[in-house]
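What follows is one structure encoded as structure tokens, with my remarks underneath.
Read-outs throughout are calculated quantities, based only on the coordinates presented, and are distinct from any laboratory measurement. Here the structure is a predicted model, which means the values were calculated and not measured. Every residue, glycine as well, gets a Cβ built from its backbone with ideal geometry; the counts of neighbours run over all protein chains shown.
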Amino acid sequence: MNIEFSAEDEKFRGEVQAFLAEKLTPEMSREASRTTTVFADKDLAMRWQAILVEKGWAVPAWPVEHGGTDWTPSQKYIWGQECAKARAPGLIPLGLRMLAPVLFKYGTPEQKAEYLPKMLSGEHYWCQGYSEPGSGSDLSSLKTAAVKDGDDYIVNGTKIWTTHAQFADHIFCLVRTDPKAKPQAGISFLLIPMDLPGVTVEPIITIAGDHEVNQVFLDDVRVPQSYRVGEENEGWTAAKYLLEFERGGGGAAPRIHESLAELKSIAGQELNGSRPLIEDPGFAAQISDLEIRNTALQFQELVTLDRVSKGGSPGPASSLAKNTSVEIDQAVNTLKLEAINYYGLPHANMISLNGYNDEWVGAEYAETVTPRYINSRAASIFGGAKEVQKNIVAKVVLGL
Ligand SMILES: Cc1cc2nc3c(=O)[nH]c(=O)nc-3n(C[C@H](O)[C@H](O)[C@H](O)COP(=O)(O)OP(=O)(O)OC[C@H]3O[C@@H](n4cnc5c(N)ncnc54)[C@H](O)[C@@H]3O)c2cc1C
């Protein structure tokens, strides 16, 4: 495998760098680098999305006729690398990177025409209604019921851990349309506008003090059957397809690479006795180990990008990529917390009920370390828990 980028790729890199230098303001970049939650702040992400849409670079992975680019896999990767290096805000993936591939594969022409342009323009903001109380890892046991009534379904049930539901105007939901069939066979994939009567959203405040997730209640919500994606009772296939993109469709390695660079910078400034921490062989070895693992992840992601660019999907190996990226990211956050030592404490009381301390204590880089450390723990759970990904890898990838 040739691991060098070609001269043409490097020329493209220059074009990307020039664009970022012109359009990504220092304020946006600073705001993005201070993000401690899973997704960037919605307003920031939407501002950046509008700039990218104008340039035609918001959704490189989409088909060109829908607003995507004709970039090669390595160009797409370079785009990710340069955005991470410049600290560009991440776009919210729920619509653009998760629902969109499902609509391309399973949506009707009318659904594509209705939803894709509005997703791109930001007119529609989506959230994901998969999990329910009691149905997370065992997702196919979900109980939210959609019962036919004329041309509509009447939907009753509840969805939980719904990220950004407080901002969303649409939710893509898995609903049970055949309670008698075996669990996976009775599920349909439904698009639900959240302004329909009977939809309510209740906040859930996490241990990190953030409001990212919610519980969504669906009480006698009347949804036209034309809002169903794919055939009735065949939603499980679309649901699994979406999860491949959620788990391993993006490029995590460039972002982790930048986080490792930040760790090295912190360890160069923090002291271990009288010497910079980075000179401690044990600490430096841990960083090197993570760099090697992240390089391996980068190659895996390039292979996935190549597959997706040829019309495929990330496949079950996305479960492996998800676990690997989460493990490395969490380990980097742990080392950062070790490096800043007691300067992590003032920000640790973000997890107490008394609110958090806005007083500036220690170096500026220390402020986001603790909240990020805490928030990154959730990554072993969302998108499918770590143990469940291991089961998938054992069964589907290794054939055990
Ligand atoms: C921050 C965050 C954001 C989220 N956002 C969304 C969202 O937007 N939309 C959405 O639909 N969901 C969302 N989720 C929910 C997420 O998908 C579920 O939490 C996840 O699938 C796990 O389900 P559960 O919480 O019910 O845990 P459980 O399924 O009850 O699992 C509990 C523990 O048991 C283990 N376990 C379960 N089954 C097995 C098994 N077969 N073998 C081995 N171990 C097992 C799990 O690994 C886990 O450690 C989010 C979760 C978090 C934390």
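Table for the structure above
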{"read-out": "Percent of Cα-Cα distances greater than 12 Å, calculated over segment 244-283", "value": "65"}
{"read-out": "The chain, relative contact order [Cα under 8 Å, separation at least 6], %", "value": "14"}
{"read-out": "Mean-position separation - Cα centroids, segment 214-232 and segment 121-172, in angstrom", "value": "7"}
{"read-out": "Within a Gaussian network of the chain (alpha carbon springs, distance under 10 Å), most fluctuating of N233, N341, N294", "value": "N341"}
{"read-out": "Dipole in debye (nearest 20) - the chain, about Cα centre, beta carbon charges: Lys, Arg +1; Asp, Glu -1", "value": "860"}
{"read-out": "Nearby aspartates and glutamates by direct alpha-carbon distance to K390 (threshold 15 angstrom, same-chain neighbours under 8 apart not counted)", "value": "D138, E244, E327"}
{"read-out": "Acute angle (nearest 10 degrees) that the helix 281-309 long axis makes with the longest principal axis of the chain, alpha-carbon atoms", "value": "40"}
{"read-out": "Residues with amide H under 5 Å from that of Y153, placed H, sequence gap 5 or more", "value": "V223, Q225"}
{"read-out": "Residue order, fewest to most surrounding Cβ atoms within 10 angstrom, among T370, T237", "value": "T237, T370"}
{"read-out": "Interchain or long-range residues, amide H under 5 Å from G315's placed H", "value": "none"}
{"read-out": "Sparse-neighbour loop sites [chymotrypsin sites (Phe, Trp or Tyr not before Pro); segment 107-152; at most 12 other C-beta within 10 Å; DSSP]", "value": "none"}
{"read-out": "For the chain, built as a Gaussian network whose Cα springs stay under 10 Å, the top-fluctuating residue of G134, G230, G273", "value": "G273"}
{"read-out": "For segment 73-88, Karplus couplings with θ = phi - 60° (6.51, -1.76, 1.60), whole Hz, Gly/Pro x", "value": "x, 5, 5, 4, 5, 4, 4, x, 4, 5, 5, 5, 5, 7, 6, 6"}
{"read-out": "Karplus-derived 3J(HN,Hα), 6.51/-1.76/1.60, for each residue of segment 384-393, Hz, glycine and proline x", "value": "x, 5, 3, 5, 5, 5, 5, 4, 5, 4"}
{"read-out": "Between segment 256-301 and segment 43-93, the Cα center-to-center distance that results, in Å", "value": "28"}
{"read-out": "Computed magnitude of the charge dipole of segment 1-152 (debye, nearest 20; Cβ of K, R +1, Cβ of D, E -1)", "value": "360"}
{"read-out": "Simple Cβ-charge dipole of segment 249-397, Lys/Arg +1 and Asp/Glu -1, about Cα centre, in debye nearest 20", "value": "780"}
{"read-out": "Signed unit charges on C-beta, dipole axis of the chain, positive-most listed residue Q300, G186, I92", "value": "G186"}
{"read-out": "Point-to-point label distance, N233-E364, nm (Cα→Cβ direction, 7 Å offset)", "value": "6.0"}
{"read-out": "Ranking of E364, E244 by count of other Cβ atoms within 10 Å, fewest first", "value": "E364, E244"}
{"read-out": "Cα-Cα over 26 Å, subset of K55/K386; K180/K240; K23/K76; K112/K322; K42/K76; K182/K322", "value": "K55/K386; K112/K322; K182/K322"}
{"read-out": "Sorted by Cβ neighbour density within 10 Å, fewest at the top, the residues H124, H66", "value": "H66, H124"}
{"read-out": "GNM top mover of P371, P93, P281 - the chain, alpha-carbon springs below 10 Å", "value": "P281"}
{"read-out": "Calculated [θ] (222 nm, deg cm²/dmol) that DSSP helices of n ≥ 4 give over the chain, each run adding -39,500 (n - 2.57)", "value": "-14000 deg cm²/dmol"}
{"read-out": "Built amide H within the under 5 Å cut-off of A363, gap 5+", "value": "none"}
{"read-out": "In Hz, Karplus ³J(HN,Hα) per residue of segment 49-57 (6.51, -1.76, 1.60; θ = phi - 60°; x = Gly, Pro)", "value": "4, 4, 5, 5, 4, 4, 7, x, 10"}
